[in-house]
1. Checking the structure you have, find out if any residue of the range 189-211 is hydroxyl-bearing (Ser, Thr, Tyr) and modelled with pLDDT of 95 or more.
2. Those residues that are more than 18 Å from residue 154 (Cα to Cα) and not charged (D, E, K, R), I need them from the range 81-101; list them, please.
3. Go through 50, 74 for me and flag whichever is at pLDDT 95 or above, surrounded by fewer than 20 Cβ atoms within 10 Å (Cβ to Cβ) and within 14 Å of the chain's Cα centre (by Cα).
4. Residue check, residue 165 against (1) more than 18 Å from residue 89 (Cα to Cα); (2) at pLDDT 95 or above; (3) surrounded by fewer than 17 Cβ atoms within 10 Å (Cβ to Cβ), all met but one. Which one?
5. Failed condition for residue 13, given (1) at pLDDT 95 or above; (2) more than 30 Å from residue 124 (Cβ to Cβ); (3) among the charged types (D, E, K, R), with all others met?
6. Residues that are without any contact (Cβ under 8 Å) to a residue 12 or more places away in the chain and under 18 Å from residue 188 (Cα atoms): does the range 156-175 have at least one?
Amino acid sequence: MTPVIGLVWATLDKEFPLRRAFLSIGIAILFVSTLAAADAPNALPRKAPELAFTVPNQGQKLLSQYRGKVVALELVHTTCPHCQHASQIMTKLQAEYGPRGFQALDVAFNPNSDLLVENFAKDFQVGFPVGWAPVEQVLAFLNLSVMDRYVVPQLALIDRKGMIHYLTPPLGDDTSLTEPVIRQRIEELLALGSGTAVRKSASAAHPAVPKS
């Protein structure tokens, strides 16, 4: 604390103790509000930023083109064994949930990914679009800077309206990329706004007679 600020605090203590208390509370509230505002961009659900990526032999795609589907966006390195395994799991889920409006996407952003994604898709028999994008664009999508630490893959689960509901932490965790958790979350997002969800709500309002 500087001498000037110390003198102000001492004066307030002596002359206006109640005013000093209110001032302290105000500063504390301002500090908490500032922290909350800084964290707001990471709050979920939130609108998915636009992301442009290139799929070999298909040209540039936009994430927004898949609005109306539940999207699992995997941000990967083609050389990462965990990403390779995650893409194989997602291929299975794509085959299962695709007819219900689910779309998996891989976007690679490691060095030379533009030269590697085609073989990556073939070698690991990825059953959905695999593209690439510059690392700066992917980090901007994740709200990360080049100075931040992160692991791959990163997974964003997006509802039919383009809202991110689930996003892996930058440094990962023990559950977000497990098949049972991904499956449960996909099921949840497929039900949002669907006819199934509407029928369930109607049933809750007017319970059906149990079948014998």
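The values are calculated or read from the model by the stated rules, or taken from the named source; none is laboratory data. These figures come from a predicted structure and were not determined experimentally. We place every Cβ from the backbone using ideal geometry, glycine too, and count neighbours over all the protein chains shown.
1. So far as the range 189-211 goes, no, none of its residues is hydroxyl-bearing (Ser, Thr, Tyr) and modelled with pLDDT of 95 or more.
2. 95, 97, 98, 99, 101
3. The conditions single out 50.
4. (3)
5. The failed condition is (1).
6. Yes, because at least one residue in the range 156-175 is without any contact (Cβ under 8 Å) to a residue 12 or more places away in the chain and under 18 Å from residue 188 (Cα atoms).
Every residue, every condition in (1) at pLDDT 95 or above; (2) in a loop (DSSP other than H, G, I, E, B); (3) within 23 Å of residue 47 (Cβ to Cβ), yes or no:
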{"site": "104", "(1), (2), (3)": "yes, no, yes"}
{"site": "107", "(1), (2), (3)": "yes, no, yes"}
{"site": "110", "(1), (2), (3)": "yes, yes, no"}
{"site": "115", "(1), (2), (3)": "yes, no, no"}
{"site": "119", "(1), (2), (3)": "yes, no, no"}
{"site": "127", "(1), (2), (3)": "yes, yes, no"}
{"site": "140", "(1), (2), (3)": "yes, no, yes"}
{"site": "144", "(1), (2), (3)": "yes, yes, yes"}
